[in-house]
1. Could you pull out which residues in the stretch 106-133 have an amide N less than 17 Å from a spot 7 Å beyond the Cα of Asn262, following the Cα-Cβ vector?
2. Projecting each Cα onto the charge dipole of the chain (Lys/Arg +1, Asp/Glu -1 at the beta carbon, about the Cα centre), which of Thr235, Ser266, Gly121 comes out farthest on the positive side?
3. Only Cα pairs under 8 Å and at least 6 apart count here; give the relative contact order of the chain as a rounded whole percent.
4. Remind me, relative contact order of the stretch 60-174 in percent, using alpha carbon pairs under 8 angstrom and six or more residues apart?
5. Could you tell me the relative contact order of the stretch 89-247? Use alpha-carbon pairs under 8 Å, at least six residues apart, and round to a whole percent.
6. Distance between Cα centroids, the stretch 123-177 to the stretch 53-113: provide it in whole Å.
7. To the nearest 10 degrees, how steep is helix 216-231 against the longest Cα principal axis of the chain, on a 0 to 90 scale?
8. Hey, can you rank 147-159, 105-117, 199-211 by average C-beta count inside 10 Å, highest first?
Amino acid sequence: MKKFLKCTLILLAAVLLIVGALVLLDVFVVRGMFQKNYQASIVDKLERLKSIDGPKIILVGHSNVAFGFDSKRLEEAMGMPVVNLGLHGSLGNTFHEDLAKQNIGEGDIVVVCHTTFADDGKIGDYALAWITVDNNGEIAGLIRSEDWFGMLAAYPDYLCNSLFSWITGRGNRDSGSCYSRTAFNEYGDIVRRPEELKVSDDFFKDAVVEIPKISKDCIKRFNEFCDYVKSKGATVVIAGYPIAYGEYSKFTAADFDSFEANLKASVNCDVISHYSDYFFPYSYFYDTVLHLTEEGAAARTDRLIKDLKTWQTANAN
């Protein structure tokens, strides 16, 4: 029995030693294999956010925001600098809201374009979150205590990916696709959209376009975010997101009207859009049911400009 226990302890010590060595290798040698990845654009987005001290428009949401706006067009129409913080839905609503908190000031307009108001507030894909953090210590500070256990559990996956990228020399390669850091412009908009990823109408036969859900817990968290923004002298508004509408649609404008009415009754901010105004034809979509082509992004931007100006007029002193 003593011999077995001794062997077990030696084996455990060896495993811990190997794991510790790999972690140290990752931290001091390997770390930073994803600096040209799509997720690494968060560094540039944060840099732009922090570089603008005066009133600005901050676009908050998931990849529908990254692929969905012409920020220069919006900036020129509204006379305010624009920062597009859109990134990835698997990071969750709260992560994107916390991203905006890094520099919210007097006179800012925070435009939120969430596709659901029923999330649990946690990060949905911790392996993706590790790639997002990578070698960027500032981003690590955005990980909330609620997500620490999930991050710890996902670390081995990230470690293996990092080591594999390092050993094979595949780390920090620009894929040349829309899913790379260089696909974004200085505002944080996706501007590289290879033609082969544009979807056809047939794509929408099986694509799922859902009516957004609302939960009390999510609304509570979101209203806390609204209160924080207000405390900084800024304003939160909720705007529509792109909704693919055509011959295969299993919903109507009335479905979204009902969601919109419930949302307006729940949140501590203005909902400035009619969601049915964001019904776009299939030809405007790129790669997924929430990403837009260049033409689609221009149309959505024009729609948001109208919504913002109507809202400003209604709230003018």
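What follows draws every value from the coordinates through simple rules; no lab data is involved. The structure displayed is predicted, hence computed values, not measured ones. With ideal geometry, Cβ positions are generated from the backbone for all residues, glycine too; neighbour counts draw on all protein chains shown.
1. The answer is 114-120, whose backbone nitrogens lie closer than 17 Å to the label point.
2. Gly121
3. Relative contact order for the chain comes out at 23 percent.
4. Values: 108 pairs, mean separation 27.5, N = 115.
The normalised contact order for the stretch 60-174 reaches 24 percent.
5. Computed over the stretch 89-247, the figure is 39 percent.
6. 23 Å
7. Helix 216-231 and the main axis of the chain meet at about 80 degrees.
8. Descending packing order for the listed peptides: 105-117, 147-159, 199-211.
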